[in-house]
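Here the structure comes first, spelled out in structure tokens, and everything after it is commentary.
The values are calculated or read from the model by the stated rules, or taken from the named source; none is laboratory data. Computed from a predicted model, the values in this text were never measured in an experiment. Glycine gets a Cβ as well: all are built from the backbone with ideal geometry, and neighbour counts include every protein chain shown.
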Amino acid sequence: MKIKFQLNQLSKVATNVLKNIEKNIVLISGEMGAGKTTLIKEVLKGLNVVDNISSPTFSIINEYKTSNDDIIYHIDLYRIKNINEIEGIGLFEYLESGNSCFIEWGDIIEEIIDSDFNKFIISKENDSRIIKKIK
């Protein structure tokens, strides 16, 4: 999957991303300002999250409920500077919970998680964005 889009097409892109998710763990990578959080917000709306969706940059992990009472975790690892901090936040417990986990800046854990995952990369190209599924 590879889609070039404008930010006003994000809802349609989120629908396509949802169709390409096969795993509970989803890593979203890309440079600062590429739209990782904004994309995840749209994907979570598509998964019928009923809670207020906000960026977990400072909290690191946000937990949301869906209309079916499922739990979804939105994790932002931007502020994690050392791999040893991962255990301190209980990340592996979230990953092993069986619930969906959407992880921004997941490159830091890609090599150390045992769980299977999907990975998408968002890049900026002038006024457009490109999203690619690479795993």
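Do we have any residue at all in segment 32-47 that's closer than 21 Å to PHE120 by Cα, out of contact with any His (no Cβ under 7 Å at 6 or more places or on another chain) and part of a strand (DSSP E or B)? No, every residue in segment 32-47 fails to be closer than 21 Å to PHE120 by Cα, out of contact with any His (no Cβ under 7 Å at 6 or more places or on another chain) and part of a strand (DSSP E or B).
Whether any residue in segment 53-68 is modelled with pLDDT of 95 or more, in contact with a Ser or Thr (Cβ under 8 Å, 6 or more places away or on another chain) and in a loop (DSSP other than H, G, I, E, B) is what I want to check. No; the residues of segment 53-68 include none that is modelled with pLDDT of 95 or more, in contact with a Ser or Thr (Cβ under 8 Å, 6 or more places away or on another chain) and in a loop (DSSP other than H, G, I, E, B). Scanning segment 82-135 for residues that are within 16 Å of ILE61 (Cβ to Cβ), surrounded by 17 or more Cβ atoms within 10 Å (Cβ to Cβ) and not hydrophobic (A, V, I, L, M, F, W, C) turns up TYR94, SER100, GLU104, GLY106. Hey, can you tell me all the residues within segment 1-49 that are under 19 Å from ASN62 (Cα atoms), free of Cβ contacts under 8 Å to residues at least 40 places away in the same chain and among the hydroxyl-bearing types (Ser, Thr, Tyr)? Once the filter is applied, which keeps residues that are under 19 Å from ASN62 (Cα atoms), free of Cβ contacts under 8 Å to residues at least 40 places away in the same chain and among the hydroxyl-bearing types (Ser, Thr, Tyr), segment 1-49 yields only THR38.
Residues that are surrounded by 11 or more Cβ atoms within 10 Å (Cβ to Cβ) and acidic (Asp, Glu) were ranked within segment 67-81; the one that is nearest to ASN48 (Cα to Cα) is ASP70. If a residue must be modelled with pLDDT of 95 or more and either over 13 Å from the mean Cα position of the chain (by Cα) or of a type in the set (S, T, N, Q) (or both), how many such residues does segment 103-122 contain? Of the residues in that region, 1 qualify. Scanning segment 1-33 for residues that are surrounded by fewer than 19 Cβ atoms within 10 Å (Cβ to Cβ), of a type in the set (A, V, I, L, M), within 17 Å of SER128 (Cα to Cα) and touching a strand residue (DSSP E or B) at 6+ places or on another chain (Cβ under 8 Å) turns up MET1, ILE3, LEU7.
Only residues that are more than 22 Å from GLU22 (Cα to Cα) and more than 13 Å from the chain's Cα centre (by Cα) were counted in segment 51-102, giving 16. Taken together, ASN24, ASN62, ASN68 contain a single residue that is touching a Gly at 6+ places or on another chain (Cβ under 7 Å) and either closer than 14 Å to ASN99 by Cα or of a type in the set (Phe, Trp, Tyr) (or both), which is ASN24. Looking for something modelled with pLDDT of 95 or more, within 22 Å of LEU7 (Cα to Cα) and in a loop (DSSP other than H, G, I, E, B) - is there at least one such residue anywhere in segment 76-99? The answer is no; no qualifying residue exists.
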